[in-house]
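K.L.:
Just dropping this structure here.
The values are calculated or read from the model by the stated rules, or taken from the named source; none is laboratory data. These figures come from a predicted structure and were not determined experimentally. In this analysis, Cβ positions are derived from the backbone assuming ideal geometry, glycine residues included, and neighbour counts consider all displayed protein chains. Surface areas here come from the heavy atoms of the whole protein model, side chains and all, with no ligands, DNA or RNA. Shrake-Rupley method; radii C 1.70, N 1.55, O 1.52, S 1.80 Å.
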Amino acid sequence: MTTAHGAVETPAFMPVGTQGAVKGVTHRDLESLGAEILLTNTYHLYLRPGDDLIARRGGLHRFIGWTRPILTDSGGYQVFSLAARRTIDEQGAHFRSHLDGSAHSLTPETATDIQARLGSDIAMVLDECLAHPADAAAARHSMQRTLRWACRARDRFLALRDGLVPDVIVSNPGQAQFGIVQGSVFPELREESARHTVDVGFEAYAIGGLSVGEPIDVMYDIVSRTAPCLPADRPRYLMGTGTPADLVEAVARGIDLFDCVLPTRVARNGLLFTRRGRLQIKAARYARDPRPPDDGCRCYTCRTFSRAYLRHLFAAQELLAYRLNSLHNLTFYADLMADLRAAIERGESRAFVENALASFREGVDAPSY
Ligand SMILES: [Zn+2]
């Protein structure tokens, strides 16, 4: 995948830098572990420090000091999950800030404008995030609204690109915009949404509204049904997923791009992903364990420290514990993607997927992911 700030080898995992920083690690850590693209959250940056301030500081790349590609979400998901007193109508989402209670509206047009000011390489359209479970009628209504919003977002994006919106600073003229397929757990709605979203004509496409509490096999089934409806020559992005096993299963179904807070969030709770399943570093059995978390891992944490030391740091609530655990989990995700790319190039992706899933199930602590 090529962007205005360079190429990204796919399949790829995007670490989540909610506020313009990935919790617990530095940008240099991310570069050394091989992260080629970062995701940041529009909702948070819009409320604080503000998209206008970031535009006037030269855009997001310059403001946060990250030179590689950046994808921004639309802000919609956080409005649905974080904001207070939100209401949704045809125009958009109206809500109060979770920080200070101030009133805001996020529409397909304003979500596009905010991301133009931020100057990410990939902007996402505003979509309606339906709670799970939803019945078919509600899912259809929501999917159709998302389609109408997609048309409005694309019109606005093209107007910005053509310089027709003089009051909005466009920080990155090479920005791309991805459409989002919705339709809940209903395959026929997903197919319809994919067809019409592709008709609108975006640089590439994402599958949204999964990993929201539906059974795992339902998610895999929806991905299987939806991915083939999206152009093979464009990256396909599965939003907000997931565990290492989810990534492997989804790549096998044609997905190219992922983001998830999971590797860093669980790292801060002492959970390490390894090639043989999960490892809870706080467990008493590691108190005297001289081995690294994962002896197959190249990360600084595994090359340098024992399980015993990492357990001690975590128990003592040392800040270094959060960094070392996050560094390992992010490296594990980056290497899993690199191994998948290599297996695909060798034509051995099927065997790799089966071996990886079986190996995860062996389990250091838990039977499986
Ligand atoms: Zn490691």
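K.L.:
Across segment 150-162, which residue is farthest from the chain's Cα centre (by Cα) among those that are within 23 Å of G50 (Cβ to Cβ) and not basic (K, R)?
P.N.:
Selected residue: A159.
K.L.:
While we're here: Is there any pair linking a residue in segment 284-310 that is without any contact (Cβ under 8 Å) to a residue 60 or more places away in the chain to one that is β-branched (V, I, T) and away from the ligand (no atom under 11 Å from the Cβ), with Cβ under 8 Å and at least six apart or on different chains, and which?
P.N.:
P293/I281; R307/I281; L310/I281
K.L.:
Can you tell which of L336, L313 is within 19 Å of P11 (Cα to Cα) and more than 11 Å from the ligand (Cβ to nearest atom)? It would help to see each step written out before you state the result.
P.N.:
Working: L313 fails: within 19 Å of P11 (Cα to Cα).
None of the others qualify; the one that does is L336.
K.L.:
Spot the failing condition for D52; the list is (1) of a type outside the set (V, I, T); (2) open to solvent by less than 30 Å² (accessible area, probe 1.4 Å); (3) out of contact with any Gly (no Cβ under 7 Å at 6 or more places or on another chain); (4) more than 27 Å from N325 (Cβ to Cβ), and only one is missed.
P.N.:
Among (1) of a type outside the set (V, I, T); (2) open to solvent by less than 30 Å² (accessible area, probe 1.4 Å); (3) out of contact with any Gly (no Cβ under 7 Å at 6 or more places or on another chain); (4) more than 27 Å from N325 (Cβ to Cβ), the lone unmet condition for D52 is (2).
K.L.:
Condition test on P235, is it under 16 Å from the mean Cα position of the chain (by Cα) and either open to solvent by less than 40 Å² (accessible area, probe 1.4 Å) or within 14 Å of the ligand (Cβ to nearest atom) (or both)? I'd like the intermediate steps shown before the answer.
P.N.:
Numbers: under 16 Å from the mean Cα position of the chain (by Cα): yes; either open to solvent by less than 40 Å² (accessible area, probe 1.4 Å) or within 14 Å of the ligand (Cβ to nearest atom) (or both): yes.
So P235 fits the description; yes.
K.L.:
If you take the residues in segment 280-296 that are of a type in the set (A, V, I, L, M, F, W, C) and open to solvent by 10 Å² or more (accessible area, probe 1.4 Å), which one is nearest to the ligand (Cβ to nearest atom)?
P.N.:
Filtering segment 280-296 for residues of a type in the set (A, V, I, L, M, F, W, C) gives 281, 283-284, 287.
Among the residues that remain, those that are also open to solvent by 10 Å² or more (accessible area, probe 1.4 Å) are: 283-284, 287.
Values: A283: 17, A284: 22, A287: 20 Å.
Only one residue tops the list, namely A283.
K.L.:
Looking only at strands (runs of 3 or more DSSP E) that lie completely in segment 23-139, which have at least 1 residues being at pLDDT 95 or above and either on the phi > 0 side of the Ramachandran plot or within 18 Å of the chain's Cα centre (by Cα) (or both)?
P.N.:
Values: elements: 38-40, 70-72, 84-88, 93-96, 103-106, 122-124.
Those strands (runs of 3 or more DSSP E) span 38-40, 70-72, 122-124.
K.L.:
Please go through (1) under 28 Å from A7 (Cα atoms); (2) in a loop (DSSP other than H, G, I, E, B) for T197 and return the number of the only condition it doesn't satisfy.
P.N.:
(2)
K.L.:
In addition: Going by what's in this entry, would R275 be described as touching a Cys at 6+ places or on another chain (Cβ under 8 Å), closer than 28 Å to G17 by Cα and within 16 Å of the ligand (Cβ to nearest atom)?
P.N.:
Here the answer is yes, as R275 does meet what is asked.
K.L.:
Next question, about the same structure. In segment 235-261, how many residues are in contact with a helix residue (DSSP H, G or I) (Cβ under 9 Å, 6 or more places away or on another chain) and assigned to a loop (DSSP other than H, G, I, E, B)? Let's see the steps before the verdict.
P.N.:
Here is the first cut: in segment 235-261, the ones in contact with a helix residue (DSSP H, G or I) (Cβ under 9 Å, 6 or more places away or on another chain) are 236, 238-255, 258, 260.
Remaining after also requiring assigned to a loop (DSSP other than H, G, I, E, B): 239-243, 253-255, 260.
Residues in segment 235-261 being in contact with a helix residue (DSSP H, G or I) (Cβ under 9 Å, 6 or more places away or on another chain) and assigned to a loop (DSSP other than H, G, I, E, B): 9 in total.
K.L.:
Criterion first (within 15 Å of the ligand (Cβ to nearest atom), basic (K, R) and either outside any strand (DSSP E or B) or open to solvent by less than 40 Å² (accessible area, probe 1.4 Å) (or both)) does R323 satisfy it? Quick ask: steps written out before the conclusion?
P.N.:
Working: within 15 Å of the ligand (Cβ to nearest atom): yes; basic (K, R): yes; either outside any strand (DSSP E or B) or open to solvent by less than 40 Å² (accessible area, probe 1.4 Å) (or both): yes.
Yes, satisfied.
K.L.:
While we're on this one: Of the residues F305, F314, F332, F273, only one is open to solvent by 10 Å² or more (accessible area, probe 1.4 Å), touching a Pro at 6+ places or on another chain (Cβ under 8 Å) and aromatic (F, W, Y); which? Full working, then the answer.
P.N.:
Numbers: F314 fails: touching a Pro at 6+ places or on another chain (Cβ under 8 Å); F332 fails: open to solvent by 10 Å² or more (accessible area, probe 1.4 Å); F273 fails: open to solvent by 10 Å² or more (accessible area, probe 1.4 Å).
After ruling out the rest, the residue left standing is F305.
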